[in-house]
Amino acid sequence: MPPARGRRAARALGVMVPLLLVLLSGCDLLVSRSEGERLWRKHCADCHGIDGTGNTPRYMGNPWADLRDNSWKTGGDRSTIEDVVREGIFGAMPAHDELTAAEMRALVDYLYQLRGETG
(Lines give C-alpha, C1' and ligand atoms only; values in the text may rest on other atoms or scores of the structure.)
Protein backbone atom coordinates (compact mmCIF):
# COMPACT_ATOMS: atom_id res chain seq x y z
CA MET A 1 0.00 0.00 0.00
CA PRO A 2 1.46 3.41 -0.93
CA PRO A 3 2.40 5.60 2.07
CA ALA A 4 -0.14 8.33 1.18
CA ARG A 5 -2.98 5.82 1.05
CA GLY A 6 -1.95 4.38 4.41
CA ARG A 7 -1.92 7.84 6.02
CA ARG A 8 -5.40 8.58 4.63
CA ALA A 9 -6.71 5.30 5.97
CA ALA A 10 -5.18 5.98 9.38
CA ARG A 11 -6.72 9.48 9.46
CA ALA A 12 -10.12 8.13 8.46
CA LEU A 13 -9.89 5.51 11.18
CA GLY A 14 -8.77 8.16 13.66
CA VAL A 15 -11.92 10.15 12.91
CA MET A 16 -14.33 7.22 12.70
CA VAL A 17 -13.40 5.49 15.96
CA PRO A 18 -14.07 8.51 18.24
CA LEU A 19 -17.25 9.26 16.29
CA LEU A 20 -18.44 5.70 16.76
CA LEU A 21 -17.69 5.88 20.49
CA VAL A 22 -19.70 9.10 20.80
CA LEU A 23 -22.64 7.55 18.96
CA LEU A 24 -22.56 4.40 21.06
CA SER A 25 -22.20 6.24 24.37
CA GLY A 26 -25.95 6.93 24.42
CA CYS A 27 -26.86 3.27 24.18
CA ASP A 28 -26.49 0.37 26.55
CA LEU A 29 -23.60 -1.27 24.69
CA LEU A 30 -20.83 0.64 26.50
CA VAL A 31 -22.52 1.39 29.82
CA SER A 32 -23.92 -1.21 32.15
CA ARG A 33 -27.40 -0.13 33.24
CA SER A 34 -29.85 -1.89 35.50
CA GLU A 35 -33.11 -3.21 34.07
CA GLY A 36 -34.95 -0.45 35.93
CA GLU A 37 -32.76 2.28 34.49
CA ARG A 38 -33.14 0.90 30.96
CA LEU A 39 -36.93 0.85 31.37
CA TRP A 40 -36.89 4.35 32.88
CA ARG A 41 -34.89 5.73 29.95
CA LYS A 42 -37.17 3.99 27.46
CA HIS A 43 -40.58 4.84 28.98
CA CYS A 44 -40.22 7.71 31.45
CA ALA A 45 -37.19 9.93 30.87
CA ASP A 46 -38.62 11.92 27.95
CA CYS A 47 -41.18 13.51 30.27
CA HIS A 48 -39.78 13.04 33.77
CA GLY A 49 -36.11 13.55 32.87
CA ILE A 50 -33.16 11.22 33.24
CA ASP A 51 -32.97 12.21 36.91
CA GLY A 52 -36.74 12.22 37.61
CA THR A 53 -37.01 15.97 38.25
CA GLY A 54 -39.37 16.62 35.33
CA ASN A 55 -37.03 19.30 34.06
CA THR A 56 -37.73 18.59 30.40
CA PRO A 57 -38.85 21.02 27.69
CA ARG A 58 -42.30 19.43 27.56
CA TYR A 59 -43.02 19.31 31.29
CA MET A 60 -40.89 22.07 32.79
CA GLY A 61 -43.02 23.85 35.38
CA ASN A 62 -45.47 20.95 35.77
CA PRO A 63 -45.29 20.10 39.48
CA TRP A 64 -46.51 16.54 38.88
CA ALA A 65 -43.67 15.72 36.48
CA ASP A 66 -41.07 16.00 39.27
CA LEU A 67 -41.08 12.57 40.89
CA ARG A 68 -38.21 13.25 43.29
CA ASP A 69 -40.11 15.62 45.53
CA ASN A 70 -42.93 14.69 47.91
CA SER A 71 -45.66 16.36 45.88
CA TRP A 72 -47.48 13.45 44.25
CA LYS A 73 -50.82 13.90 42.53
CA THR A 74 -51.86 10.29 43.10
CA GLY A 75 -49.68 9.21 46.03
CA GLY A 76 -46.16 7.83 46.16
CA ASP A 77 -46.63 4.34 47.54
CA ARG A 78 -45.51 1.39 45.41
CA SER A 79 -49.00 0.11 44.61
CA THR A 80 -50.27 3.52 43.47
CA ILE A 81 -47.16 4.14 41.35
CA GLU A 82 -47.58 0.75 39.67
CA ASP A 83 -51.27 1.48 38.98
CA VAL A 84 -50.47 4.86 37.43
CA VAL A 85 -47.70 3.43 35.26
CA ARG A 86 -49.86 0.52 34.15
CA GLU A 87 -53.04 2.57 33.50
CA GLY A 88 -51.54 5.95 32.59
CA ILE A 89 -53.21 9.32 33.19
CA PHE A 90 -55.70 10.37 30.54
CA GLY A 91 -54.26 13.13 28.39
CA ALA A 92 -51.09 13.42 30.45
CA MET A 93 -49.27 10.08 30.56
CA PRO A 94 -49.46 6.97 28.39
CA ALA A 95 -50.31 3.61 29.90
CA HIS A 96 -47.60 0.97 30.06
CA ASP A 97 -49.64 -2.17 30.53
CA GLU A 98 -47.11 -4.09 28.42
CA LEU A 99 -44.66 -4.23 31.34
CA THR A 100 -44.34 -7.56 33.11
CA ALA A 101 -44.55 -7.75 36.89
CA ALA A 102 -40.74 -8.10 37.07
CA GLU A 103 -40.21 -5.09 34.78
CA MET A 104 -42.66 -3.02 36.81
CA ARG A 105 -40.83 -3.95 40.01
CA ALA A 106 -37.49 -2.99 38.46
CA LEU A 107 -38.89 0.32 37.17
CA VAL A 108 -40.42 1.31 40.51
CA ASP A 109 -37.27 0.22 42.35
CA TYR A 110 -35.29 2.53 40.06
CA LEU A 111 -37.69 5.40 40.75
CA TYR A 112 -37.15 4.91 44.48
CA GLN A 113 -33.41 4.85 43.80
CA LEU A 114 -33.68 8.21 42.00
CA ARG A 115 -35.52 9.55 45.05
CA GLY A 116 -32.74 8.27 47.34
CA GLU A 117 -35.11 5.79 49.01
CA THR A 118 -35.51 2.08 49.17
CA GLY A 119 -38.76 0.62 47.88
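The values are calculated or read from the model by the stated rules, or taken from the named source; none is laboratory data. Keep in mind the model is a prediction, meaning the values are calculated, not measured. When we count neighbours, we look across all protein chains shown, and the Cβ atoms used for this are built from the backbone with ideal geometry, even at glycine.
I'm trying to understand the selection: among the residues of region 41-58, which are buried (at least 16 other Cβ atoms within 10 Å of the Cβ), farther than 16 Å from GLY88 by Cβ and touching a residue at least 24 places away in the same chain (Cβ under 8 Å)? Passing the criteria: only GLY52.
Has region 93-101 got at least one residue that is loosely packed, with under 13 Cβ neighbours inside 10 Å and at pLDDT below 90?
Looking for residues that are loosely packed, with under 13 Cβ neighbours inside 10 Å and at pLDDT below 90, one finds none in region 93-101, hence no.
Taking the options ARG86, ARG105, ARG115, name whichever one is within 19 Å of the chain's Cα centre (by Cα), surrounded by fewer than 14 Cβ atoms within 10 Å (Cβ to Cβ) and basic (Lys, Arg). Being within 19 Å of the chain's Cα centre (by Cα), surrounded by fewer than 14 Cβ atoms within 10 Å (Cβ to Cβ) and basic (Lys, Arg) holds for just one of ARG86, ARG105, ARG115, which is ARG86. Of all residues in region 107-118, which are modelled with pLDDT of 95 or more and over 13 Å from CYS44 (Cα atoms)? Matches in region 107-118: ASP109 only.
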